[in-house]
Structure formats: structure tokens, C-alpha cells
Amino acid sequence: MLHLALAFALAQVTASPLPLLVTPAPSPPPTALPSPSPAPGTLQASPLQANLYPSGLQKPPVVIAITNASGEIAATLDAQIATVQIDQLAHTVALQGTLATGRATLHITDAGGASVDIPVRNAYDAGTIVPSTTLKLTGDPLDPVWLQTQIAATMARATPAQPGLKPQFGTYALPPSLPPGAIAAVAVPVQLLGGDQYYDVNGTTNVSIQNVAVASFSPPALFYDDDPEKIEAAGVLYRGSVTASRPTRLYYYHENGEDPRDLLLVLSSDSQDPTSVQLIDSTAGPNADVLSVGHAVTKNFLLTKPQNEGVILDLPQGQPYVVHDLKMQRLDGVSGNVDLRILSGGNVTVTVLAVPPAANGATPAPGQIVSYLSQPQLPGDGHHRTGVFALTGEYATNTLAYSVGGADAFVRYGATTPQNLPASPAGHDYGDYGVLRSLVFDANNPSGQAATLYLYETPQGGVLRGSFLVDGTLHEVGCTRVPNRYMIAQLPTLGPGERRTTTVLTMTDGGSNYPIEVGITATPPQSAAPPITAPDGCFPARF
């Protein structure tokens with residue numbers, strides 16, 4: 001028994017197994033979970049909204065696919081801005097815009113009562129963004145700010161927009177230089193925001209810029225348009241013909257009456273040959289502050305004319321070309337100084353036209369413009385501030401000698417009128433409006449000491465502002481009224497025995513009063529125009 005018990009005990013001890021290393025079976029690869037199915041009774045639509053275009057634009061219909069539908073589907077639109085067609089086999093709904101624009105809701109149901117609503121809109125685009133356009137310029141050099149202004153004007157003309165909308169332009173890089181004869185291109189981002197009535201439009205227009213090499217020119221004739229000065233009716237304010245042999249400057253100045261009007265500057269040609277015109281254009285307004293309008297015209301013309309900075313327009317045959325459409329409100333003033341030269345083609349008629357405003361700020365329709373162009377010129381106001389005048393000869397050209405220690409040298413102008421050209425309407429241009437005046441001051445210093453000299457102006461006819469291009473640098477004088485001497489510019493020191501000429505280009509400002517005295521002196525004039533509210537300011541009686 002003892003042996004048996006011992007053997008049994010040993011068997012229990014030796015029977016304890018050693019731990020085994022077991023390799024687990026590989027796990028099965030994960031399986032993708034099925035996409036959740038729509039809950040029963042729920043319809044799904046694709047797309048989730050429909051943007052349509054009115055009938056007549058030949059746009060394809062918008063097709064909405066319906067899934068998870070039970071049986072046949074039905075579709076109703078709560079406003080008749082589109083036609084609705086249902087394909088029961090494909091469970092689709094096709095929408096095509098009608099002439100009626102606006103917004104609506106498309107309500108789709110199936111046989112089981114499930115439904116889905118789709119927003120629908122039927123509208124026109126806010127406008128059209130053209131892929132490319134061309135801008136032809138002249139000038140040497142081209143001022144970057146002026147160039148950017150011309151690009152914006154070209155883009156505004158080349159981007160048709162719905163009434164009341166204006167395109168917005170993003171940033172773009174200007175060419176580093178564009179000398180005469182050079183060509184460059186800029187890509188201009190364009191955005192037209194349609195608001196609630198139209199679809200937004202975004203895109204880019206590539207502008208090809210050509211700087212055409214042409215020589216500068218001095219017009220021998222001036223068209224002067226300031227009669228009637230106040231616009232009280234629609235019609236032709238001024239009309240003149242420019243020929244290839246006689247480049248012409250147009251100066252116009254008008255104040256609106258009580259009713260809103262559009263003032264248009266229109267070019268037209270009946271030539272059978274392609275007609276292109278170079279314009280050096282400085283136009284300002286509308287603005288009720290007529291002094292600022294006239295001053296802006298002079299300032300900008302002085303900055304562009306010496307550089308021959310202009311645009312070249314290709315005129316459509318037999319159709320009016322609207323250079324400017326100026327939206328005038330009550331008592332607004334507008335003014336412009338425009339040099340015109342025909343580069344090719346036949347004669348060009350330039351017309352200043354007042355027309356009733358179109359709806360939503362749009363430019364009047366071509367047919368309306370043509371109907372007014374054929375009318376006779378409106379009667380004047382009796383002041384005879386109109387005519388065609390000669391800009392040749394010595395008129396508006398003065399050379400003044402000055403010697404340090406001697407009397408001041410000066411010239412008075414603005415009280416006479418340039419000469420009427422033969423066969424032109426009888427009139428006058430007292431104030432020399434539109435006349436580019438050249439003043440050359442020939443100063444010498446016979447003394448043994450250096451001298452500081454000053455250019456000055458003295459108002460002699462009332463309130464005026466002034467702009468003067470002194471040796472190529474612009475100097476502006478604020479609003480003055482009393483006949484004191486006000487400084488235009490301090491000239492560089494004139495050394496002992498030195499002699500130097502200073503050239504000044506200037507024009508009279510529309511809205512200002514003349515005559516004026518401009519001279520050179522060694523006595524420091526008043527350094528700046530007085531504040532407008534000062535006793536010697538422009539309008540102390542108003543305050």
C-alpha cells in the first residue's frame with residue numbers, strides 16, 4: 001500500500017505540464033461598415049439647390065436626382081419662375097427658368113408621403129467678364145498712377161454690368177516700364193456682385209497695353225464751351241468738327257440746374273475708313289464745389305500734357321462713342337480740358353450733350369443719344385462764353401527778365417480773350433479758360449551775394465485757386481481772394497553772377513475769377529493761402 005501511495009504521489013507531481021507557446025490564428029481583415037441608409041420616409045436630393053437662368057439664354061435645365069423614394073414622385077413650385085418636368089423611371093426633376101426672375105421652393109414628395117424641399121433661384125448674371133481687352137496709350141514716361149487709372153477706365157468700359165452695378169477690380173502688377181513702342185499685359189481680377197437680384201460673377205481679364213509712339217502736339221484751335229453755363233434743358237450744349245489737319249482742344253464748363261441729368265462727351269465719325277483719335281483728357285466732376293472741379297482739371301492737365309500722356313480710341317463707324325457719362329445732380333459742376341488729334345480716318349465731331357438720366361444709373365441707350373445728337377444746339381444764355389479761338393502765335397507766351405536788386409518782374413493775364421478763328425461763332429474767352437500759358441523767367445544776379453527768389457501770384461478778380469508746373473514740378477496755391485502776394489514756389493538760390501531761366505506752365509481754373517498777376521521777386525511773399533474762414537479767406541461771409 002505504501003508503494004502504491006508513493007507511486008500515485010509521484011505520478012501527480014510529474015503529470016504537471018510545462019507551459020506551451022501557442023501562436024494565435026491571424027485576425028480577419030477589418031471590413032468597411034456599410035453606409036447608413038436613409039431612414040425610411042426620407043428623400044435625398046442632388047443637388048440641394050437649383051440656380052436657373054431665364055428662358056432665352058439657352059442654358060441647359062438643372063436636373064435634380066431623388067433617391068430613397070417610394071413609388072412615384074410629385075413636384076410643385078410655389079412661384080412660377082421655372083417649368084418642372086418629372087422622369088418617374090429615373091426619379092429626376094428637371095427645371096428650366098422662365099422669363100420671371102426671383103426665388104421659390106420646390107417641394108418634392110413620394111407615394112409614401114416622404115418629402116424634401118429644394119431652394120430655387122432664377123436670375124441673370126451680374127454682368128459679363130471678357131477674357132481680354134486692349135488699351136492703347138501714348139506718353140513718355142507713363143506715370144504709374146495715371147496708368148492704373150486708365151486700366152480701370154478701360155476695364156469698366158469692357159465689363160458690361162447690369163444696371164446699377166459696377167465691377168470691382170483686384171490687385172495686379174503693373175509693368176516695370178513701358179516706353180513708347182512697348183507692349184505689356186496685365187491680368188486684372190474682376191468681381192461683379194449681384195446682390196439679391198443677380199448672380200455674382202468672378203473672373204480675370206487680360207489687358208494688352210500698347211504704348212504707341214507718336215510725337216507730342218500743340219492744338220492750334222480751342223473749342224470753348226461755357227454757354228449756356230447753367231444747364232436747364234436736355235440737348236446739345238456744344239458741337240464742333242475736328243479735322244486731321246487741325247488738332248483741337250475742347251474746354252467745357254457747366255453747372256447743372258435743379259433736375260438730375262447726364263452730361264455726355266461724345267465722339268462720332270462718318271468716315272468710311274477706320275478712325276482713331278488721340279485724347280489727352282483731364283475731366284473732373286460732378287461736384288457742387290466748382291472751385292475744386294476747375295482746379296482738378298488744371299492740375300491733371302499740367303501733369304499729363306507735357307508727357308503726351310493720352311489714350312487712343314478707335315471709333316465705330318456711324319455710332320456715337322461716349323467718352324464720358326457724368327451723372328449730375330442738382331447744382332453739380334463739371335469741367336474738362338481735352339486735346340484731340342486724329343491719327344487716322346476722317347473728320348470727327350465732338351459733342352457735349354445733356355440728356356435725362358437713364359434708370360439705375362445706366363448710360364443712356366445709343367438710340368437716345370443719336371436722337372439728341374441730331375438736334376440743333378441749345379440757345380445760349382446771352383453771355384457768349386463760347387467760340388473757336390486761335391492758340392497759335394505769341395498769345396499766352398511771356399518771357400520776363402529779372403535782375404536781382406531791380407524791380408520785380410510780373411505779368412497780368414485773364415482779362416483778355418484769344419482771337420476768334422474765322423467763320424466761328426461770335427464769342428469770347430475772358431479768363432483764358434483752356435489756354436495753356438507759358439511763362440519764362442530769365443533771372444540774373446549781378447550782385448556779389450547769393451539771392452533767394454520767389455514766384456508769387458496775386459488775385460485781382462476775386463476768389464481763385466492756382467496750379468503751376470515750375471520746371472516740371474507741380475505747385476498748387478490754395479484758395480485766395482484778397483490782392484496779396486502768395487508764394488507759388490521758392491526757387492533754388494541764385495549765386496553771385498549766376499543767370500538762370502525758370503519755365504512755368506499754367507492754366508486758369510474753371511470756377512475761379514480773373515485777372516491774376518504772376519511774378520518773380522526777392523521779397524518773401526505770404527507762404528500759404530489763408531484758412532477759408534480767415535478774414536482774408538475765400539468765403540468769410542459764409543461763416
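The values are calculated or read from the model by the stated rules, or taken from the named source; none is laboratory data. Keep in mind it's a predicted model, so treat the numbers as computed, not measured. Here the Cβ is made from the backbone with ideal geometry for all residues, glycine too, and neighbour counts use every protein chain on show. The area values use the complete protein model at the heavy-atom level, side chains included, leaving out ligands, DNA and RNA. Shrake-Rupley method; radii C 1.70, N 1.55, O 1.52, S 1.80 Å.
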Worksheet item: When averaged across all projection directions, what area in nm² does the alpha-carbon convex hull of the range 462-543 cover?
Response: 6.1 nm²
Worksheet item: Going out from 0 in 10 Å bins, what whole percent of all Cα-Cα distances in the range 47-174 drops into each bin?
Response: 11, 30, 19, 15, 13, 8, 3, 1
Discussion item. Restricted to Cα positions, what overall size does the range 150-193 have along the principal axes? Three whole-Å values, descending.
Written reply: 38, 17, 11
Item to complete: Between S344 and D536, take the C-beta separation as r, use R0 = 45 Å, and let me know the FRET efficiency to the nearest 0.05.
Response: 0.25
Item to complete: Evaluate 2.2 N^0.38 Å with N set to the residue count of the range 153-294, then give the Cα radius of gyration divided by it.
Response: 1.34
Practice prompt. Please list 232-244, 391-403 highest first by mean number of surrounding beta-carbon atoms within 10 Å per residue.
Written response: 232-244, 391-403
Practice prompt. Over the range 330-464, with every protein chain in place, what whole percent of the accessible area is carbon and sulfur at 1.4 Å, could you tell me?
Written response: 55 percent
Worksheet item: Which residues in the range 495-526 place their backbone N less than 20 Å from a point set 7 Å from the Cα of D471 along the Cα-to-Cβ direction?
Response: 495-507, 518-525
Worksheet item: Which value, in Å² rounded to 10, gives the accessible area of T493 with a 1.4 Å probe and all protein chains present?
Response: 80 Å²
Worksheet item: In the chain, what % of DSSP beta bridges are antiparallel (nearest 5)?
Response: 80 percent
Item to complete: Over the residues of the range 299-435, compute the C-alpha Rg and express it relative to 2.2 N^0.38 Å.
Response: 1.38
Worksheet entry | Packing-based ranking, highest mean first, of 528-539, 480-491 given that Cβ atoms within 10 Å are counted | 480-491, 528-539
Worksheet item: When the C-alpha atoms of the range 186-236 are aligned to their principal axes, what extent does each axis show, in angstrom, from largest down?
Response: 47, 42, 12
Worksheet entry | Of the trypsin sites (Lys or Arg not before Pro) in the range 275-369, those whose Cβ has at most 12 other Cβ within 10 Å and which sit in DSSP loop | R330
Discussion item. Pairwise over distinct Cα atoms, reciprocal of the mean inverse distance: report the Kirkwood radius of the chain in Å, one decimal place.
Written reply: 29.3 Å
Worksheet, complete the sentence: Between T397 and S208, the two model label points (7 Å from Cα along the beta-carbon direction) sit apart by a distance in nm of 4.1 nm
Practice prompt. Let me know the shape class of the range 120-174, please: from the alpha-carbon gyration tensor, a ≥ b ≥ c as square roots of the eigenvalues, rounded when a/c is under 1.5, otherwise prolate if a/b is greater than b/c, or oblate.
Written response: prolate
Worksheet item: Given a 1.4 Å probe, how much area per residue of the chain is accessible, in Å²?
Response: 49 Å²
Item to complete: Mark the label point 7 Å from the Cα of A184 along Cα→Cβ and return the residues of the range 286-321 whose backbone N is within less than 19 Å of it.
Response: 304, 307-312
Discussion item. Under 8 Å for C-alpha pairs, at least 6 residues apart: give me the relative contact order for the range 476-543, rounded to a whole percent.
Written reply: 51 percent
